[in-house]
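Just below is one structure, and these are the notes that go with it.
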Amino acid sequence: MSQQDTFLYALSSNNAWAGYKAHQNPNFFPKLASGQSPQILWLGCSDSRCPETVILGLQPGDVFVHRNIANIISPTDINTSAVIEYAVVHLKVKHVVLCGHTSCGGAAAALSDTRVGGVLDTWLTPLKAVRFAHQEELDAIKDDKARAVRIAELNVEAGVKVLMANFAIQDAIRERGLEVHGCLFDIGCGRIKDLGFGTKGRNGASGGLNGSSEEVVRGKHAQLAFRGGNAQMIVR
Amino acid sequence: MFNARLVASFLTRQSSSSRCATKLNSFSRLSSTANTTTQLRPGVRFCSSHGSFGTASRTAANSLTHQSSSSTTTTPTPRFASSSNSSSSSSSSSDVAMYLKQSHERVFESNRTWAAEQKARDPEFFAKLAAGQNPEYLWIGCSDSRIPAEQITGLEPGDAFVHRNIANLVCNTDLNAMSVINYAVQHLEVKHIVVCGHYGCGGVKAAMTAKDMGILNPWLRNIRDVYRLHEKELDAIPEEEARYNRLVELNVIEQCRNVIKTAPVQQSYAKNKFPIVHGWVFGFHDGLLKDLEIDFEAVLHDIQKIYNLTDN
C-alpha cells in the first residue's frame with residue numbers, strides 16, 4: 001500500500017467510525033463535546049502495540065493518556081509533569097496507572113551497550129540507571145526476552161517511586177485517596193498484570209489470597225479489576 | 001442509510017489495495033445484515049468488549065457475527081439497565097451476580113471470536129505482534145481522554161506509534177517528544193507523522209487564561225507563543241469560541257512546523273522521501289477528523305532557510 005493509501009485509509013476509517021458511533025447512539029458526540037471526566041490517567045509506552053483504551057476495553061472519555069518512549073517517568077520532565085498536574089489536580093482522576101510492556105524496544109536499548117543516537121540516549125538515562133542499579137540480577141537472567149521483561153518491571157517500579165514522590169500526587173492521595181498502580185502489559189497474550197507497586201504496596205506475586213485485595217478501576221462503559229497478579233476487564 | 005454512507009465513503013475514497021478490498025467486503029456484509037441485527041437486539045451496545053473499534057468494518061462485522069451466533073445458540077443477555085428498569089426494585093443480588101457473570105463472559109467470547117478471525121486472516125498475527133512493531137504512523141495527539149488515536153482512526157494494534165501530551169505540543173527542548181520523533185523516524189521509519197489537535201481543547205483554553213498554573217506554566221507558554229505569532233488574525237475574530245477554535249488549528253500547524261524542524265524528519269525526507277507531516281483536528285460534535293491540508297513540501301522549503309539540518 002502506498003503512502004497516500006494508508007493516509008486516506010485512516011481518514012476514511014474515521015469517517016466510518018464517526019458514522020457508526022452516531023448511528024448507534026445519537027447522543028454520543030454531543031455528550032463527548034460537553035467535557036471530559038476521566039477516572040484514569042494512563043502513563044504508558046508509545047509502542048504501537050499498546051493502545052491503552054483498546055486493551056483496557058474502554059471508550060473515548062475514559063482514559064487521560066500520556067505515552068512516551070519506554071514509559072519513563074523522569075521527575076524533571078516538564079511534558080510528563082504537565083500531564084500529571086493537569087490530570088491529578090484539574091481533572092481529579094481517581095487512578096494513575098503506569099504500564100510497561102514485554103518486548104519493549106527501549107528496554108532492549110537500555111540493556112545494550114551500543115549508542116542509540118540523537119537525543120534518545122539522553123532520554124533513556126533513567127532506564128540505564130535502573131539497569132546499573134540491578135546489574136547483578138539482570139546479568140543472572142540468561143534468556144534475553146526474560147531479561148527485557150525484568151528490566152521493564154524494574155522500570156515500572158522506579159517510575160512508580162517517582163510518581164509517589166510527586167507533590168500533586170502526594171496531596172491527592174492524602175486528600176481524596178488517589179490510587180497509583182504499576183502494571184505490565186504482555187503483548188504476547190494481551191493481558192495486563194498488576195505488579196503491586198504504588199498506593200497498595202502489595203506484591204503482585206503473593207497478592208489475591210482473598211477477595212479483599214481486589215481493586216476496580218471503573219470507566220464509563222467498562223471496568224478493570226485488579227485481582228491478585230492479574231487484571232480483568234468487565235463490560236458494564 | 002448509515003451503511004450506504006459507509007460503503008459509499010469507502011468506494012469513493014479507497015484504492016483497490018488488498019487491505020481495502022477486504023474492508024469493502026466486510027462493509028458489504030455489514031450493509032446487508034445490519035438492519036436485521038439492529039432489530040434483533042436494539043439495546044445492544046456496540047462491542048466495547050473488543051475495546052478497539054479496530055477497523056470500523058472489521059469489528060462491526062465481527063460484532064455481527066458474534067451477536068447473530070449468540071441469538072441463535074444462546075439466550076441473549078439482557079442489558080442490566082433495562083432489566084432492572086422492568087423488574088424495578090425486585091432484582092436481587094443473584095440477578096446482579098448473574099448479569100456480571102454473563103457480561104463478563106461476553107467479553108471473552110467476543111475476544112475469542114476476534115482472536116480467531118485475526119488468526120484466520122493471518123495465522124501469524126499474534127506471533128508477529130509479539131515479535132516487533134512496524135507502524136506506518138507516528139501520532140502526536142492530546143492527552144484528552146476523548147481522543148483515543150486507534151479508535152477514532154480505526155487503526156489496529158501495531159499501526160500507530162503514539163505520543164500524547166497536553167495540547168499536542170512539540171517543543172524543541174522537550175527530550176520526551178524529541179525522543180519519540182527520533183525513534184519513530186530513524187528506527188521505525190514511519191511514513192506519516194500526524195499532529196492531531198481537537199476543538200474545545202482544555203489545554204489551549206487554560207493557556208489563554210490569565211492565571212498562574214504552577215508547573216503547567218512552562219508547558220502552556222508555548223500556546224501563548226502561538227497566539228503571539230498569529231495575534232492579528234486571532235484578535236480579528238470577535239466570537240470567543242471561534243477564536244479558540246482557530247487557535248487550536250494554528251497550534252496544530254505550528255506544531256507540524258516544529259516537527260519538520262527536527263533533524264530526523266529533514267534528514268529522512270532528504271534520503272527516503274518520507275515521512276510526510278500532516279495536521280489534523282478532531283471535532284467532538286461529529287467525531288470527524290478535519291485535515292488541515294498542510295503543504296509539507298512548501299513548509300519544509302520555507303523552514304529550511306533558517307532551520308536546515310541536512311547536508312545540502
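The values are calculated or read from the model by the stated rules, or taken from the named source; none is laboratory data. Small disclaimer: the values here were computed from a predicted structure and weren't measured. Neighbour counts run over all protein chains shown; Cβ positions are idealised from the backbone, glycine included.
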First in the stretch B:107-131 and of a type in the set (S, T, N, Q), second anywhere and at pLDDT 75 or above, Cβ under 7 Å, 6 or more apart: none
task: Please tell me if B:Asn172 is surrounded by fewer than 24 Cβ atoms within 10 Å (Cβ to Cβ) and touching a residue at least 40 places away in the same chain (Cβ under 8 Å).
output: yes
- line: Checked B:Ala298, B:Ala263 against criteria (within 18 Å of B:Ala177 (Cα to Cα), of a type in the set (Gly, Ala, Ser) and either at pLDDT below 95 or surrounded by fewer than 19 Cβ atoms within 10 Å (Cβ to Cβ) (or both)); the one match is B:Ala263
statement: Quick count over the stretch B:120-146, residues being more than 9 Å from every other protein chain (Cβ to nearest Cβ) and modelled with pLDDT under 75, is 1
task: Inspect the stretch A:29-51 for any residue being modelled with pLDDT under 85 and either at positive phi or within 16 Å of the chain's Cα centre (by Cα) (or both) and give the result as yes or no.
output: no
- request: Among residues belonging to the stretch B:147-189 that are under 23 Å from A:Ala108 (Cα atoms) and among the hydroxyl-bearing types (Ser, Thr, Tyr), point out the one that is nearest to the other protein chains (Cβ to nearest Cβ).
  value: B:Ser179
field: the stretch B:286-308, residues that are within 11 Å of another protein chain (Cβ to nearest Cβ) and in contact (Cβ under 8 Å) with a residue 40 or more places away in the chain
entry: B:Gly287, B:Leu289
message: Among the residues in the stretch B:201-209, are any surrounded by fewer than 18 Cβ atoms within 10 Å (Cβ to Cβ) and either of a type outside the set (Val, Ile, Thr) or touching a residue at least 24 places away in the same chain (Cβ under 8 Å) (or both)?
response: yes
message: Can you tell me which of (1) surrounded by fewer than 15 Cβ atoms within 10 Å (Cβ to Cβ); (2) more than 17 Å from B:Gln186 (Cα to Cα) is the one B:Lys273 doesn't meet?
response: (2)
message: Would you confirm whether or not the stretch A:52-67 contains a residue that is more than 8 Å from every other protein chain (Cβ to nearest Cβ), farther than 18 Å from A:Glu157 by Cβ and in contact with a Lys or Arg (Cβ under 8 Å, 6 or more places away or on another chain)?
response: no
task: Could you please find all residues in the stretch A:96-125 being under 18 Å from B:Asn165 (Cα atoms) and away from chain B (no Cβ under 12 Å)?
output: A:Val96, A:Val97, A:Leu98, A:Cys99, A:Gly100
query: Restricting attention to the stretch B:240-249, does a residue exist that is farther than 30 Å from A:Asn166 by Cα and not in a helix (DSSP H, G or I)?
result: no
field: Answer residue from the stretch A:139-192, given it is of a type in the set (Asp, Glu) and within 21 Å of A:Gln39 (Cβ to Cβ) and is nearest to the chain's Cα centre (by Cα) among those
entry: A:Glu179
Total residues in the stretch B:279-297, condition closer than 14 Å to A:Ala10 by Cα and in contact with a Leu (Cβ under 8 Å, 6 or more places away or on another chain): 7
task: State which residue is modelled with the lowest pLDDT when the search covers only the stretch A:68-95 and only residues that are more than 17 Å from A:Gly159 (Cβ to Cβ) and not aromatic (Phe, Trp, Tyr).
output: A:Lys94
query: Looking at the stretch B:148-229, what helices (runs of 4 or more DSSP H) fall wholly within it and have at least 2 residues that are closer than 27 Å to A:Leu124 by Cβ and modelled with pLDDT of 95 or more?
result: B:175-182, B:216-229
- request: Quick one: count up the residues across the stretch A:138-176 that are in contact with a Lys or Arg (Cβ under 8 Å, 6 or more places away or on another chain), exposed (fewer than 14 other Cβ atoms within 10 Å of the Cβ) and of a type in the set (Gly, Ala, Ser).
  value: 0
query: Looking at A:Ala70, is it more than 14 Å from the chain's Cα centre (by Cα) and under 20 Å from B:Phe161 (Cα atoms)?
result: no
